[in-house]
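Engineer: Just passing along the structure, written as structure tokens.
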Amino acid sequence: MASQLSEDTMRAVFITLFAVSQLALAEPGEREAMALAVKGARYLQEHGKDALIASINRKDPAFNQGALYLAVRDLNGITIAHPTTALIGKNLLDVPDADGKLFRHEMLALARGKGSGWVDYKFLNPRTGKVEAKTTYVLRVEDVALEAGVYKHGDSNKRH
């Protein structure tokens, strides 16, 4: 009986560790993207736009969590903060997604209009090397649009 209990205990520990490891590997969802944009907005309001831009551009883990990161675009379409520093200072408005959609135009229209919301498009996922569905939460703060996007994978990324 003692050896059976030991096997059961070991099985329970293994299952628990497996479940925890799967949670750690789970990709961020839309809730996390929205929360990151709101976090960026609060940071901008407390510390100023220049501080937020500097934090993002130096890949501060508060705003760069690997697959989930915050970017900032001015309302003319110029990228002013991005963890991929080669994009800073560039206007990519007329660069379409994989299906030809000018999604950045939609992002700016949303920022200029109601000020927040989601934009869906297709983009190359660097983790998988495949073009996948992606959604980005756009949040206007002052004269900039904060953007945080995630790749969509089944029901785990539904908006709430």
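Values quoted throughout were computed directly from the atomic coordinates according to the rules given, and no laboratory measurement underlies them. All values reported here derive from a predicted model rather than from experimental measurement. FYI the Cβ positions are ideal-geometry reconstructions off the backbone, even for glycines, and counts take in every protein chain you see.
Engineer: Around Arg104, under 10 Å between beta carbons, what's the net of Lys plus Arg minus Asp minus Glu among the other residues? Kindly include the intermediate steps, with their values, before the conclusion.
Structural biologist: Values: positive: Arg73, Lys101; negative: Asp94, Asp97, Glu106, Glu147.
Result for the neighbourhood of Arg104: -2.
Engineer: Now, a different point. Hey, if you drop one equal point scatterer on each alpha-carbon of the range 33-92 and run the Debye formula without solvent, what base-10 log of I(q)/I(0) do you get at q = 0.20, 0.27 Å⁻¹?
Structural biologist: Values returned for q = 0.20, 0.27 Å⁻¹ are -0.69, -1.21.
Engineer: Next up: For q = 0.11, 0.14, 0.16 Å⁻¹, what log10 I(q)/I(0) does the range 44-127 give under the Debye formula with an equal point scatterer on each alpha carbon and no solvent?
Structural biologist: -0.32, -0.52, -0.69
Engineer: For Asn76 paired with Asp120, estimate the spin-label separation in nm (one decimal), with each label point 7 Å from Cα along the Cα-to-Cβ line.
Structural biologist: 3.3 nm
Engineer: While we're looking at this one, here's another question. For the range 114-129, what does the Karplus curve 6.51 cos²θ - 1.76 cosθ + 1.60, with θ = phi - 60°, yield as ³J(HN,Hα) per residue in whole Hz, taken in order and with x for Gly and Pro?
Structural biologist: Whole-Hz 3J(HN,Hα) from phi for the range 114-129: 6, x, 7, x, 10, 10, 9, 6, 10, 8, 6, 7, x, 6, 9, x.
Engineer: Apply the Karplus parameterisation 6.51 cos²θ - 1.76 cosθ + 1.60, with θ equal to phi minus 60°, to every residue of the range 89-97 and state each ³J(HN,Hα) to the nearest whole Hz, in sequence, with x for glycine and proline.
Structural biologist: Working through the residues one at a time gives x, 9, 9, 10, 4, 8, 8, x, 7 Hz.
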